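Have a look at the structure below before the remarks.
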Amino acid sequence: MATAFAKKVSTSAVASRQSAVLPKAGRAFTAPKVVASANASAFQGAAVVPKARRSARTARVMSRRSAVKTEAKIGDSLAEFLVEATPDAKLRQLMMSMAEAIRTIAHKVRTASCAGTACLNSFGDEQLAVDMVADKLLFEALRFSHVCEYACSEEVPEPVPMGGKGFSVAFDPLDGSSIVDTNFAVGTIFGVWPGDKLVNITGRDQVAAGMGVFGPRTVFVFAVKGYPGCHEFLLQDDGKWLHVKETTEIGEGKLFAPGNLRATFDNPAYERLVNFYLGEKYTLRYTGGMVPDVFQIIVKEKGVFTNVTSPSTKAKLRILFEVAPLAMMVEAAGGASSCDGKCVSALDIPILVHDQRTQICFGSKGEVKRFEEYMYGNSPRFSEVTV
């Protein structure tokens, strides 16, 4: 009985489908009208475009797609950007590890002690508690990245084996730590070199350089060798990094950050240069923290930063930990640098010892040309640049 009932149901279903498809006898059959809607299609109507039109359009679309594949976009996550920026998986891992350390340091800067530790580093500088926290976090991040061979910092300048293979990193864990208690912006600076050497190298050998800026916003800024521009990532509330700015050109503009102004007392050339800035009504933007004072050149896309020596004031800025990484970022952003009183880029100065120090100028090409002309009499590198 059950079998007979099943056959009846099956026969009824088939008849129903046939009546839905076939026209009833005596009526003319009219094909249903199909309307293609590009808005309703996930493929934006591409399936209904005539073949003749589609071939030309497809070529244009594929051309645009191939162009997109060669450059990262604003709004990318850090991981998405790094895939576009470098094919080196180890370098991507290192940069992600540094980003994680910077994210953690941003929190520690807001909560760590600013009191002195009553101890000195090997350079004779007093170490602050917040310095040492940042230093420890960065060493741990590099050790657990498994792609770092050696690392050294301003606090621990002798290279320390990290147990990995691929790169060596030099960093200033918290540049400007002495102004943390005043609530000014401070930051982390680092440079990445291939292999196991952190001396007998130049800044131009770097494969990447970056800085974390801890202010009202926390940003991670870096440049990758062979990839155009200097790139800024903003830390979001959920702890992720968002690509918010790409800088490829630094133009002219009246913005200056004059470091070591005491040198104007017995360095007449520097005094004339500073007087020029004042006479031309440049806007003074100087905090005493090298990270924000140089970062503003990249983010504002104009300006100049100077830190000059004199007979009574010695050089304080270290090439390995500060100057070379910042130079890579500024020059990747379209700016220039002048280092060591030699009218050469900071990227071309041989780094012979970890504590090697120098004077420096960062800025637009026009401002660096002006700096060299005032300080040294000429600027052969930028002879074709007008100021």
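The values are calculated or read from the model by the stated rules, or taken from the named source; none is laboratory data. These figures come from a predicted structure and were not determined experimentally. Every residue, glycine among them, receives a Cβ derived from its backbone with ideal geometry; neighbour counts consider all protein chains shown. Ligands, DNA and RNA are stripped out before the accessible areas are found, and what is left, the full protein with its side chains, is counted by its heavy atoms. Shrake-Rupley method; radii C 1.70, N 1.55, O 1.52, S 1.80 Å.
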Check on Ile298, open to solvent by less than 10 Å² (accessible area, probe 1.4 Å) and either farther than 30 Å from Cys152 by Cβ or under 16 Å from the mean Cα position of the chain (by Cα) (or both): yes
Could you identify the single residue in Leu242, Leu198 that is open to solvent by 50 Å² or more (accessible area, probe 1.4 Å), of a type in the set (A, V, I, L, M, F, W, C) and more than 30 Å from Glu280 (Cα to Cα)? Leu242
Residue match in the stretch 346-363 (condition: at pLDDT 95 or above, within 26 Å of Asn200 (Cα to Cα) and of a type in the set (Gly, Ala, Ser)): yes
Looking at (1) open to solvent by less than 20 Å² (accessible area, probe 1.4 Å); (2) farther than 23 Å from Pro350 by Cα, which is the only condition Gly210 fails? (2)
Which of the residues belonging to the stretch 377-387 are free of Cβ contacts under 8 Å to residues at least 60 places away in the same chain and open to solvent by 70 Å² or more (accessible area, probe 1.4 Å)? Asn378, Pro380, Arg381, Ser383, Glu384, Thr386
Looking only at the stretch 168-182, filter to residues that are open to solvent by 10 Å² or more (accessible area, probe 1.4 Å) and in contact (Cβ under 8 Å) with a residue 24 or more places away in the chain; which one of those is nearest to Ala85 (Cα to Cα)? Asp175
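Residue-by-condition table, conditions (1) modelled with pLDDT of 90 or more; (2) among the hydrophobic types (A, V, I, L, M, F, W, C); (3) within 18 Å of the chain's Cα centre (by Cα):
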| site | (1), (2), (3) |
| --- | --- |
| Ile74 | no, yes, yes |
| Glu80 | yes, no, yes |
| Ala85 | yes, yes, yes |
| Leu91 | yes, yes, yes |
| Thr104 | yes, no, yes |
| Ala112 | no, yes, no |
| Leu120 | no, yes, no |
| Gly124 | no, no, no |
| Leu138 | yes, yes, yes |
Inside the stretch 245-254, the number of residues satisfying the requirement of being within 18 Å of Ala223 (Cβ to Cβ) and crowded, with 18+ Cβ neighbours inside 10 Å is 2
Among the residues that make up the stretch 176-185, is at least one of them modelled with pLDDT of 95 or more and either charged (D, E, K, R) or out of contact with any Gly (no Cβ under 7 Å at 6 or more places or on another chain) (or both)? no
Out of Thr306, Thr283, which single residue is crowded, with 21+ Cβ neighbours inside 10 Å and polar (S, T, N, Q)? Thr306
Before we move on, is Val169 closer than 21 Å to Ile74 by Cβ, within 20 Å of the chain's Cα centre (by Cα) and either assigned to a strand (DSSP E or B) or β-branched (Val, Ile, Thr) (or both)? no
Quick count over the stretch 240-263, residues being in contact (Cβ under 8 Å) with a residue 24 or more places away in the chain and either in contact with a Leu (Cβ under 6 Å, 6 or more places away or on another chain) or not in a strand (DSSP E or B) (or both), is 14
Please verify whether Lys369 is of a type outside the set (A, V, I, L, M), free of Cβ contacts under 8 Å to residues at least 40 places away in the same chain and out of contact with any His (no Cβ under 8 Å at 6 or more places or on another chain), treating the condition exactly as stated. yes
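Yes/no matrix, rows are residues, columns are (1) within 23 Å of Gly334 (Cβ to Cβ); (2) open to solvent by 10 Å² or more (accessible area, probe 1.4 Å); (3) of a type in the set (Phe, Trp, Tyr):
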site: Glu155; (1), (2), (3): no, yes, no
site: Gly163; (1), (2), (3): no, yes, no
site: Gly166; (1), (2), (3): no, yes, no
site: Phe184; (1), (2), (3): no, yes, yes
site: Gln206; (1), (2), (3): yes, no, no
For the stretch 78-99, give me each residue that is touching a Ser or Thr at 6+ places or on another chain (Cβ under 6 Å) and buried (at least 21 other Cβ atoms within 10 Å of the Cβ). Leu94, Ser97
Residue satisfying condition, being of a type in the set (A, V, I, L, M, F, W, C), open to solvent by less than 20 Å² (accessible area, probe 1.4 Å) and at pLDDT 95 or above, within set Phe265, Phe220, Phe276: Phe220
